[in-house]
């Protein structure tokens, strides 16, 4: 079993250095649209994935961000480690 040092974790979680290690970003649940005034309990969600050179190759740190019910004031909702999955894309010509 491989381990991740506290130094690496601090670099990835720090707002000052985390952008250096960002590898991708995806949208999740989108419950609030631009023409909406917001509904109680709704939110928009996005995921950011980070990988540090000292981390195991296929392991990423995932941060989940949620907005408030008006679609702004984004905050971190969840922090977890995930394993990357290969994605097959078929191109038809």
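What follows draws every value from the coordinates through simple rules; no lab data is involved. Bear in mind the structure is a predicted one, so any value in this text is a computation, not a measurement. All Cβ positions, even for glycine, are placed from backbone atoms using ideal geometry, and neighbour counts span all protein chains on display.
Quick look at the values:
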| quantity | calculated |
| --- | --- |
| Rg over Rh, two decimals, the range 46-93 (C-alpha only, Kirkwood Rh) | 1.16 |
| Contact order normalised by residue count of the range 30-93, Cα under 8 Å, 6+ apart, percent | 29 |
| Relative contact order of the range 10-62, pairs being alpha-carbon contacts under 8 Å that are 6 or more residues apart, as % | 35 |
| Value of [θ]222 nm, deg cm²/dmol, for the chain, DSSP H segments ≥ 4, -39500 (n - 2.57) each, nearest 500 | -2500 deg cm²/dmol |
| Convex hull of Cα atoms in the chain, direction-averaged projection (nm²) | 9.1 |
| Computed label-point distance, nm, for sites residue 34 and residue 15 using a 7 Å Cα→Cβ extension | 2.7 |
